[in-house]
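Every number in this text was worked out from the coordinates using simple rules, so none of it is lab data. Nothing here was measured: the structure is a model prediction, and the numbers come from that model. Reconstructed Cβ throughout: ideal geometry from the backbone, glycine too, with neighbour counts over all protein chains shown.
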C-alpha cells in the first residue's frame, strides 16, 4: 500500500514512520510512505501557501492553488489513488474506516494547518476525515494516526493475523466492543491474582469469559458503542 502525505512539516514524520511496525512494514515492501512538502507547489519565490481570509477573521487560510496543483501532480492519471482531506469537518476515523482504507492500493492524506483550507479545494478530494472532536495545530498527527492504524491491518504486517481480530473495536456477537482484560506473569502481584478461569486450560470457558468481560467493560467505559 502507498501513502502519499502532503504537509508543511515533512520533518515531523521521520521518527514515527522509521520506528516499530511502520518501519518493519516498509522494509517488507508492504507499505510505502511518500512525504511531500506543500511549499514545493507555492506560486511565488517565497514559498507562500497561505493568505488572509476574505470577510476577515483570525488566522490564515491555506491557498487553493498550491493544494490543487499538488493533488493534480501527485495523482496524475492514477485512478487508484484516493484523496482524503484531514479536517474537523470530516467523517470520524474509526476501526471500521481503517479496515476500509486498508483495502485500497494508494491513499493521499492532506494535512491542514492554520485556520484551514480555502473551501474550493473540497471539490477536488474524495472524502474528508477527522480523528476526533477536538482541534489540533495541524493535520500531521492525524496523518500519523491514520497511517499507523491502517498499516497494521495490511496482511503480513503483523506476525499473527489474529492480533487484529481480538482487540478493542472488534466485532463480538455482531457488536463492537472494547477489549477484554489480559494478564501475564507473575500470577500474584501485591495480592492481586490473575483470574482463575485463565489458568484453567478450558478454552471454551475462557472464550466465554472474555466475551462477557468485553461487554462489561464496554458498558462501563463506552456505552455509546452499544447503541
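Out of 35, 71, 110, one residue alone is buried (at least 17 other Cβ atoms within 10 Å of the Cβ), within 22 Å of residue 129 (Cβ to Cβ), without any contact (Cβ under 8 Å) to a residue 40 or more places away in the chain and in contact with a helix residue (DSSP H, G or I) (Cβ under 8 Å, 6 or more places away or on another chain). It is 35. Annotation note: Cβ proximity below 7 Å between a residue of region 203-216 that is farther than 15 Å from residue 182 by Cβ and a residue that is part of a helix (DSSP H, G or I) (sequence gap 6+ or interchain) occurs for 205/197. Scanning for something over 17 Å from residue 140 (Cα atoms) and not in a strand (DSSP E or B), does region 1-12 turn up at least one residue? Yes, there is a match, as at least one residue in region 1-12 is over 17 Å from residue 140 (Cα atoms) and not in a strand (DSSP E or B). Quick one: is residue 85 closer than 30 Å to residue 219 by Cα, touching a strand residue (DSSP E or B) at 6+ places or on another chain (Cβ under 7 Å) and free of Cβ contacts under 8 Å to residues at least 60 places away in the same chain? In short, no. Every condition in (1) without any contact (Cβ under 8 Å) to a residue 12 or more places away in the chain; (2) touching a strand residue (DSSP E or B) at 6+ places or on another chain (Cβ under 7 Å); (3) under 21 Å from residue 121 (Cα atoms) holds for residue 26 except the one numbered (3).
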